[in-house]
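Accompanying notes for the structure given below.
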Amino acid sequence: MPLTFLMFSALLLKHYLADFVMQPQWMLKAKGRLDAPGGYAHAAVHGVGSGIVLLACGVGIGITAIIMAAEFVVHFAIDYGKDRISARADVESNPRRYWQLHGLDQLAHQITYVVIAWFAMASLGMA
């Protein structure tokens, strides 16, 4: 059990760093655009960060690579969806709606880490 909590805590810390510390404006502004590299780069930072966490926890390279690819796709989709919904929901003039969507976005990412931790622990025979 301690490895599960360590892994999950490290994934949450990685999420904070990748979303709130290591995300420059060029990434932030491109999340809702399929034709700009920023959203893809941001999702890649998340995938690589999770890969580092998983490898440090002893997860094999094969399952780590699969999880990294899946996180890249899922993270990009969550961010893209939030951006598209926010554009239609007039979040600029409705702070409550902004925070509801931001909270939903963060919840979706956190659920992703629950799934990642489960798959990673299962690969180690611990789920």
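The values are calculated or read from the model by the stated rules, or taken from the named source; none is laboratory data. Being a predicted model, the structure only gives us computed values, none of them experimental. All Cβ positions, glycine included, derive from the backbone under ideal geometry; neighbour counts span all protein chains shown. The area values use the complete protein model at the heavy-atom level, side chains included, leaving out ligands, DNA and RNA. Shrake-Rupley method; radii C 1.70, N 1.55, O 1.52, S 1.80 Å.
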*Looking at segment 77-108, which of the residues that are over 20 Å from Leu34 (Cα atoms) and touching a His at 6+ places or on another chain (Cβ under 9 Å) is surrounded by the most Cβ atoms within 10 Å (Cβ to Cβ)?*
Val91
*Any chance Gly32 is at pLDDT below 95 and touching a Lys or Arg at 6+ places or on another chain (Cβ under 7 Å)*: yes
*asked:* Taking the condition of being open to solvent by less than 40 Å² (accessible area, probe 1.4 Å), part of a loop (DSSP other than H, G, I, E, B) and closer than 19 Å to Val115 by Cβ, how many residues in segment 27-66 meet it?
replied: 3
*Between a first residue in segment 19-35 that is under 15 Å from His109 (Cβ atoms) and a second residue that is surrounded by fewer than 13 Cβ atoms within 10 Å (Cβ to Cβ) and of a type in the set (A, V, I, L, M, F, W, C), which pairs have beta carbons less than 9 Å apart while being 6 or more apart in sequence or on different chains?*
none
*Consider Val74 against the criteria (1) open to solvent by 50 Å² or more (accessible area, probe 1.4 Å); (2) outside any helix (DSSP H, G or I); (3) touching a residue at least 12 places away in the same chain (Cβ under 8 Å): it satisfies all of them except one. Which criterion is unmet?*
(2)
_Of everything in segment 1-18, what is without any contact (Cβ under 8 Å) to a residue 60 or more places away in the chain and either outside any helix (DSSP H, G or I) or of a type in the set (A, V, I, L, M, F, W, C) (or both)? Give them in sequence order._
Met1, Phe5, Leu6, Ala10, Leu13, Leu17, Ala18
